[in-house]
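Undergrad: Take a look at this one; I'll ask things after.
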Amino acid sequence: MIETKTLTCVACPKGCEVTVEYEGDEIIEIKGNACPQGQSYAEEEIVAPTRILPTTIKVKNGALALCPVKTTKQIPLENMFEAMEIIGNKVIEAPISMGDVLIENILDTGADIVATRDMPAEIK
Amino acid sequence: MNKKYDVIIIGAGISGCAVAWKLARYNLDILLLEKEADVATGTTKANTAIIHAGYNADPDKLKGHLNVKGNQGIREVAKKLNIPYEEIGSLVVGLEDDNLSVIDELYEKGLKNNVPNMEIVGKEWLREHEPNISPKAVKALWAPTAGVITPWEAALAMAQNAVANGAEVKLETAVEDVMTEDGKVVGVKTNQGDFEADYVVNAAGLYADEIAKMVGIEKINITPRKGEYYIYDHAKDFAVNHVVFPVPTPISKGIVVTPTVENNLLIGPTSHNVKSKTDLATTREGLKEVYEGAKKLYPSLDLRDTIRVFAGLRAADDSEDFVIEAAENVKGFVNVAGIQSPGLASSTAIADYTAEILADEGLKLSEKKDYIETREEPVRFYEMTNKERAKMVDQNKDYGQIICRCETVSYKEIVDAINSPVGARTVNAVKRRTRAGAGRCQGGFCGPRVVDIIAQELGIDPTEVKQEEGNSQILEYKIKELLGSKVMDNA
Amino acid sequence: MRKVKKDLVVIGGGPAGLAAAKTAYDDGIKDVMILERDFELGGILPQCIHNGFGLHHFKEELTGPEYAQRFINDVEERDIEVKLDTMVLDVTKERKVYAMNKKEGFLEIEAKAVVLAMGCRERTSGAIGIPGTRPAGVLTAGTAQRYTNIEGFVPGKEVVILGSGDIGLIMARRMKLEGADVKAVCELLPYTGGLTRNVVQCLEDYDIPLMLNHTVTAIKGEGRLEAVEISEVDENLKPIPETAKTIKADTLLLSVGLIPENELSKKADVVLDERTGGPIVNEGRETNIEGIFACGNVLHVHDLVDWVTEESQIAGKHAAKYIKDNYEKTGSCAELKAGENVSYVIPQKIELEAGDRKRIPLYMRVSTPLTAVDINLYADGEKLYSFSEPFAKPGEMISVPLAQKTLDDLGNVDEIKVDIIEKEGN
């Protein structure tokens, strides 16, 4: 059965309304996107939506109790809560630098968990 | 066994604190009990914050006797205990269509109650002294001795002065029963154990009837009467120079428009009986009534810059009068009940009167030799000039860190509020003492910092820090604590 | 009291202050001081741990802390003086800044120019007067964000969010990911106040219901929040009593608007625009007080930090010119007017000599959302030019460039007006 879905592209803040015609996993037509990013966004959205996961990780002996982190690339939306649990169980010792890989290849997605800021050690 | 006290006072609202303050000058062992985590958390924290001049109260009632005395008393106490108080005067403003003879009647009543310096003023006077007042305003009763005060600071100051003179204050201590033997009071049972005393003063506010019933007194019946309010930021650019009342109707004093001591504009209250003594909810209808009432006096007043809505409950006895008397059936038990408006204004007089009753009942009042009359002024950064602030910071660097930017409250003030006698244990207690969180952002900025300081100073975890009463924790969980929990399985 | 003199004092070390300081420094003003009230630079960005920043400015997607770190690094690489944990108490129109911190005590700083970059604050439940009790558990989305992302606490586990501003949407996802049950996001208006991508990525991805035309009509609970009552509203935004229903919740987050934080500006007699809540400025972001500039959310609330950066660079550049004494005003002044369906336009006036300026970006927002719009500019009533956009939403700022050449061709104009209306023939 051929289905139609209207998506709001989130590749950039412009937010194009993209219309996708598809049957199962097969894309028939994509309309409304202003750039090629919209095309690939719509394809992925239909087949398997993926997102960057930004969250925090617990820090030991840091200036703050938490360090913000993110996945280095988009991971499947359905893996989010599982990834949150893995990250939530981890504690990293300060100091940490922005870009430090804190967890490698989370859930075999090919994405690493990296720090998104410097976290100096606690000033005693 | 705990030590035996001369007097136990139940309830640390304005009345209980005033009685404690009054009695602490005598050679007596005094215990002030409060079921909540701070003083002044009931009616005292949510009212119009007015010291009435005394023309309103019926001369034949106890209220009528005590209001004018209290008005004079508070002036003196405010100075001695450094309580923010300003005698800005009140107006009862008659509009064109009002029954203006009521204003003359109030004037006459005021004369009977010995209210000093009242004047009837006209249109011109009103234009000059209240420039924003309704153009329909034609006549007013001006009572220059009315004032505005910080009610919880008044209660706190009196409690602190009592403590300085040897009284004890126990918070989070709820009275469960009053113990008697052979028709005489011997003490109270509480959730923190039993306390013995020869005299018990019932100043339990909304719950005074329930305490009275513990010794078999049935005649007191307290009905909570709700009053709703709006409060504005002090940055609100709208001049109101007096406590301004409309012409009262037989059932209500009406919606008041007044500045507070801290220069916030306050409008309210409504006046409606409610069933529950914990019903502190504002209502859509009530807030509408407040705003419409205020607009009658000040048509150009809008709701911009309001920072909070709140409701308070008056503890109204069926007699519609103060009930301050010794129990007939039990020796040593004194009720200080039904303290609704003008209770705040009458507080010092209520304390004097209660002390007289206790003396009549046999309590010996001999003044202490080393009685401390004054309370040191707490540092209030928000009312200082920059020069004064600079001086404070030179003396102690902890004044240099401003925690609440809206009200300019420093780290040192907050730490002191927690560590001083009758210290703050909750976020609201800090707010009442220092104004941190009382400004336009309502703790949006300083909230996390205040929680942190309270946790540090009291040596507790931030998840244990409460906003006010009972289960009012600000933060329920540590981060990551909910991961993999039941909630997530439902996700 | 310590007294110091500085060429440029920047009040606020968030993205606006950092960009303004950096730009002024690079334009030759080496004596710059940033005053920041928090313990670190970055403003609100360190707690905005989500991605979506920098797509315009850096052409790559960053998280808030990453965006901040780039500017913090820029400032640290330069010889710019930074005072942390420092609260500014007063600013005068003579550009004296009074500030305080624990280390140095009270400071009086005399500045040649001042950049106001204090950002904004959130509207509270009291400001919108929600009826009900005042329990713990009612807080603004931004405060909840600080607790969650910086302090390390989850305020509660059964959450309702009032207002669909971006922080509310972001916090809906954030709390859901941390294990809370986010029951609904209520929005009074028939459309969301946030970016579309946030509606998709924060709500739709996690099946969090967005209830348009709904508001919270009562807060219930004595100690901690126990429940909220929500109701549908009619076309006049008045709650319909029959639609009221109660949702069990221990936490209510408010994302009901941001207010530029101009208490200090007022102390310096800076005149504010009622529509933006921020100062009235010219194209150099100078306020009515000579030598006092403003940029970022203190000027008007932005949707994206990228525009804050762009605007703050303008302010920094002109502050530098002012200090170097080659800041010329034409003496004539064109006022910018928000016309049909435009809620405001920044700057509010154009009055500077052209200099090296090529174009003036005008920032604006629409009052109501429209699809397929014409953006029309008029100079003294005559159509200047016009272009089309596929849609315009109040939650998203529109940037309209005004070319220098257009301005030069105009000569002396008194008023430039912008309308954003439904496209002709649509």
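The values are calculated or read from the model by the stated rules, or taken from the named source; none is laboratory data. Everything numeric in this text was worked out from a predicted model, so none of it was measured. Glycine also receives a Cβ, built like all others from the backbone with ideal geometry; neighbour counts cover every protein chain displayed. These accessible areas exclude ligands, DNA and RNA; they are computed on the full protein's heavy atoms, side chains included. Shrake-Rupley method; radii C 1.70, N 1.55, O 1.52, S 1.80 Å.
Undergrad: Expressed as a whole percentage, what fraction of the accessible surface of segment A:10-124 belongs to carbon and sulfur atoms when a 1.4 Å probe is rolled over the protein heavy atoms?
TA: 47 percent
Undergrad: Give, ordered by residue number, each residue of segment C:169-183 whose 1.4 Å probe accessible area is reduced by a minimum of 20 Å² on adding the remaining protein chains to the chain alone.
TA: Residues losing area: C:ARG174, C:LYS176, C:LEU177, C:GLU178, C:GLY179.
Undergrad: Antiparallel versus total DSSP beta bridges in chain B: what percent is that, nearest 5?
TA: About 70 percent, rounded to the nearest 5.
Undergrad: Considering only DSSP beta bridges whose two residues both sit in the protein assembly as shown, what percent are antiparallel, to the nearest 5?
TA: 70 percent
Undergrad: Using the scaling law 2.2 N^0.38 Å as the reference, what is the normalised Cα Rg of segment A:3-47?
TA: With N residues counted in segment A:3-47, Rg over 2.2 N^0.38 Å equals 1.01.
Undergrad: I need the GluC sites (Glu not before Pro) found in segment C:247-309, filtered to DSSP loop residues with at most 16 other beta carbons within 10 Å of theirs.
TA: Taking segment C:247-309 and a limit of 16 other Cβ atoms within 10 Å, the loop GluC sites (Glu not before Pro) found are C:GLU274, C:GLU290.
Undergrad: Rounded if a/c is under 1.5, else prolate if a/b is larger than b/c, else oblate: which is segment B:333-491, with a ≥ b ≥ c the root eigenvalues of its Cα gyration tensor?
TA: Cα axes put segment B:333-491 in the oblate bin.
Undergrad: Carbon-plus-sulfur fraction of the accessible area of segment C:329-426, 1.4 Å probe, in percent?
TA: C and S atoms contribute 47 percent here.
Undergrad: Okay, moving on. What list of ³J(HN,Hα) values in whole Hz, one per residue of segment B:57-68 in order, does the Karplus curve 6.51 cos²θ - 1.76 cosθ + 1.60 (θ = phi - 60°) give from phi, with Gly and Pro shown as x?
TA: With the stated coefficients, segment B:57-68 comes to 6, 5, x, 7, 9, 4, 3, x, 5, 8, 4, 5 Hz.
Undergrad: Which whole-Hz ³J(HN,Hα) couplings does segment B:474-480 yield from phi under the Karplus relation 6.51 cos²θ - 1.76 cosθ + 1.60, θ = phi - 60°, glycine and proline marked x?
TA: Computed from phi, the couplings for segment B:474-480 are 6, 10, 8, 9, 7, 4, 6 Hz.
Undergrad: Out of residues 5 or more away from B:VAL200 or on other chains, whose amide H comes under 5 Å of its own, with H placed 1.01 Å from N in the peptide plane?
TA: For B:VAL200, whose amide H was placed from the backbone, the distant partners under 5 Å are B:ILE8, B:PHE333, B:VAL334.
Undergrad: Counting pairwise Cα distances across segment A:54-115, what percent come out greater than 20 angstrom?
TA: 19 percent
Undergrad: Using a 1.4 Å probe on the protein heavy atoms, what percent of the accessible area of chain B belongs to carbon and sulfur?
TA: Of the solvent-accessible surface of chain B, carbon and sulfur hold 46 percent.
Undergrad: Please give, to one decimal in nm, the separation of the simple spin-label points placed at C:LEU212 and B:ILE120, each 7 Å out from Cα toward the Cβ.
TA: Each label point is offset 7 Å from its Cα along the Cβ direction, giving 6.2 nm.
Undergrad: Do you know the relative contact order of segment C:94-169, to the nearest whole percent, from alpha carbon pairs under 8 angstrom that are 6+ apart?
TA: Taking the mean separation of contacting Cα pairs over the length of segment C:94-169, I get 17 percent.
Undergrad: Could you give the Stokes-Einstein D for the protein assembly as shown in µm² per second, using the C-alpha Kirkwood radius, 25 °C, 0.890 mPa s?
TA: This corresponds to a translational diffusion coefficient of 78 µm²/s.
Undergrad: Sticking with this structure for a sec: Need the C-alpha centroid separation for segment C:191-262 versus segment B:359-400, integer Å.
TA: When both Cα centres are located, 45 Å separates them.
Undergrad: Just need log10 I(q)/I(0) for segment C:329-426 at q = 0.25 Å⁻¹, Debye formula, equal scatterers on the alpha-carbon atoms, no solvent, rounded to two decimals.
TA: -1.38
Undergrad: Quick one: Cα centre-to-centre distance for segment C:28-107 and segment B:41-67, in angstrom?
TA: Going from one Cα centre to the other spans 52 Å.
Undergrad: May I ask you to derive the relative contact order of chain B, considering only C-alpha pairs under 8 Å and at least 6 residues apart, and to give it as an integer percent?
TA: The value is 19 percent.
Undergrad: Leaving out ligands, DNA and RNA, calculate the buried accessible area for the pair B and C with a 1.4 Å probe, summed over both sides, in Å² to the nearest 100.
TA: Using a 1.4 Å probe, the pair buries roughly 4900 Å².
Undergrad: Counting only helical runs of four or more DSSP H residues, what would the 222 nm mean residue ellipticity of the protein assembly as shown come to if each run contributes -39,500 (n - 2.57) and the total is spread over all its residues?
TA: That comes out to -7000 deg cm²/dmol.
Undergrad: Let me ask something else about it. Just read off the accessible area of C:TRP307 with the full protein assembly in place, 1.4 Å probe, to the nearest 10 Å².
TA: Rounded to the nearest 10, that gives 40 Å².
Undergrad: Can you list the residues, at least 5 places off or on another chain, whose amide H is less than 5 Å from the amide H of B:ASN471, using H built in the peptide plane?
TA: C:GLY223, C:ARG224
Undergrad: Taking amide H atoms as placed 1.01 Å from N in the peptide plane, list the residues 5 or more away in sequence, or in a different chain, whose amide H sits under 5 Å from that of C:GLU158.
TA: Residues meeting the criterion, in which the H sits 1.01 Å from N, are C:ASP181, C:ASP250, C:THR251.
Undergrad: Sticking with this one: How about segment A:5-41: which of its residues lose at least 50 Å² of accessible area in the presence of all protein chains relative to their chain isolated, using a 1.4 Å probe?
TA: Buried on complex formation: A:VAL10, A:PRO13, A:LYS14.
Undergrad: Let me ask something else. Among DSSP beta bridges whose residues both lie in chain C, state the antiparallel percentage, nearest 5.
TA: In chain C, DSSP labels about 60 percent of beta bridges as antiparallel.
Undergrad: Using the 4.7 Å Cβ rule, please list in number order the cysteines from chain B without any candidate partner.
TA: B:CYS17, B:CYS406, B:CYS441
Undergrad: Say a site is exposed when it is one of the GluC sites (Glu not before Pro), sits in a DSSP loop, and has at most 16 other Cβ atoms within 10 Å; what is then the longest site-free stretch of chain A?
TA: Here the longest segment lacking exposed loop sites spans A:1-103.
Undergrad: To the nearest whole percent, what portion of all C-alpha pairs in segment C:124-256 is separated by more than 23 angstrom?
TA: 24 percent
Undergrad: Further question on the same structure: So how many Å³ per residue does the convex hull of the Cα atoms of segment B:381-464 work out to?
TA: Convex hull volume per residue, Cα atoms: 88 Å³.
Undergrad: Quick one: of B:LYS79/B:LYS397; B:LYS3/B:LYS368; B:LYS139/B:LYS296; C:LYS393/C:LYS423; C:LYS3/C:LYS112, which pairs are farther than 25 Å apart, Cα to Cα?
TA: Violating the 25 Å limit, Cα to Cα: B:LYS79/B:LYS397.
Undergrad: Output ³J(HN,Hα) for segment C:369-383: one whole-Hz value per residue in order, computed from phi by the Karplus curve 6.51 cos²θ - 1.76 cosθ + 1.60 with θ = phi - 60°, and x for Gly and Pro.
TA: x, 9, 9, 6, 10, 9, 9, 10, 10, 10, 10, 6, x, 9, 5
Undergrad: While we're here: Please give the per residue accessible area of the protein assembly as shown, computed with a probe of 1.4 Å over protein heavy atoms only, in Å².
TA: 39 Å²
Undergrad: Name the residues of segment C:87-112 whose accessible area, probed at 1.4 Å, falls by at least 50 Å² once all protein chains are in place instead of their chain on its own?
TA: Relative to the lone chain, where solvent access is computed with a 1.4 Å probe, segment C:87-112 loses at least 50 Å² at C:MET87, C:LEU89, C:MET100, C:LYS102, C:PHE106.
Undergrad: Label segment C:206-274 by shape, choosing from rounded, prolate and oblate, from the square roots a ≥ b ≥ c of the eigenvalues of the Cα gyration tensor; if a/c is under 1.5 it is rounded, and otherwise prolate applies when a/b is larger than b/c, oblate when it is not.
TA: It comes out prolate by the Cα gyration axes.
Undergrad: Measure up C:LYS5/C:LYS267; A:LYS5/B:LYS480; A:LYS58/C:LYS220; A:LYS14/C:LYS405 against 24 Å on the Cα-Cα distance and list the ones that go over.
TA: With Cα atoms farther than 24 Å apart: A:LYS5/B:LYS480; A:LYS58/C:LYS220; A:LYS14/C:LYS405.
Undergrad: Would you rank C:ARG173, C:ARG134, B:ARG308 by solvent-accessible area, highest first, keeping every protein chain in place and using a 1.4 Å probe?
TA: The ordering from most to least exposed comes out as C:ARG134, B:ARG308, C:ARG173.
Undergrad: Let me ask another. Semi-axes of the equivalent ellipsoid for segment B:242-302, please: Cα gyration tensor eigenvalues, times 5, square-rooted, ordered largest first, whole Å.
TA: For segment B:242-302, the ellipsoid semi-axes come out as 21, 14, 12 Å.
Undergrad: So what is the relative contact order of segment B:381-464, in percent, for Cα pairs below 8 Å that sit 6 or more residues apart?
TA: 24 percent
Undergrad: Using only Cα atoms, figure out Rg for chain B and give it as a multiple of 2.2 N^0.38 Å.
TA: After normalising by residue count via 2.2 N^0.38 Å, the value is 0.99.
Undergrad: Something else now. Over chain A, how many percent of alpha carbon pairs lie in each 5 Å bin up to the one with the longest distance?
TA: 2, 11, 18, 15, 13, 12, 10, 8, 5, 3, 2, 0, 0, 0
Undergrad: For segment C:219-374, would you read off the P(r) tail past 26 Å as a percentage of all alpha carbon pairs?
TA: 44 percent
Undergrad: Right, something else. Take segment C:1-148, drop everything but the C-alpha atoms, weight them equally and run the Debye formula without solvent; then report log10 I(q)/I(0) at 0.12, 0.14, 0.16 Å⁻¹ to two decimals.
TA: -0.59, -0.76, -0.92
Undergrad: With a ≥ b ≥ c the root eigenvalues of the C-alpha gyration tensor of chain C, is it rounded (a/c under 1.5), prolate (a/b larger than b/c) or oblate?
TA: Judged from the Cα gyration tensor, chain C comes out oblate (a/c at least 1.5, b/c at or above a/b).
Undergrad: Measuring from centroid to centroid over Cα atoms, what is the spacing of segment B:115-150 and segment C:359-380 in Å?
TA: For segment B:115-150 versus segment C:359-380, the Cα centre distance is 51 Å.
Undergrad: Pop out the Kirkwood hydrodynamic radius of segment B:12-95 from its pairwise C-alpha distances, inverse of mean 1/r, in Å to one decimal.
TA: For segment B:12-95, inverting the mean 1/r across all distinct Cα pairs yields 15.0 Å.
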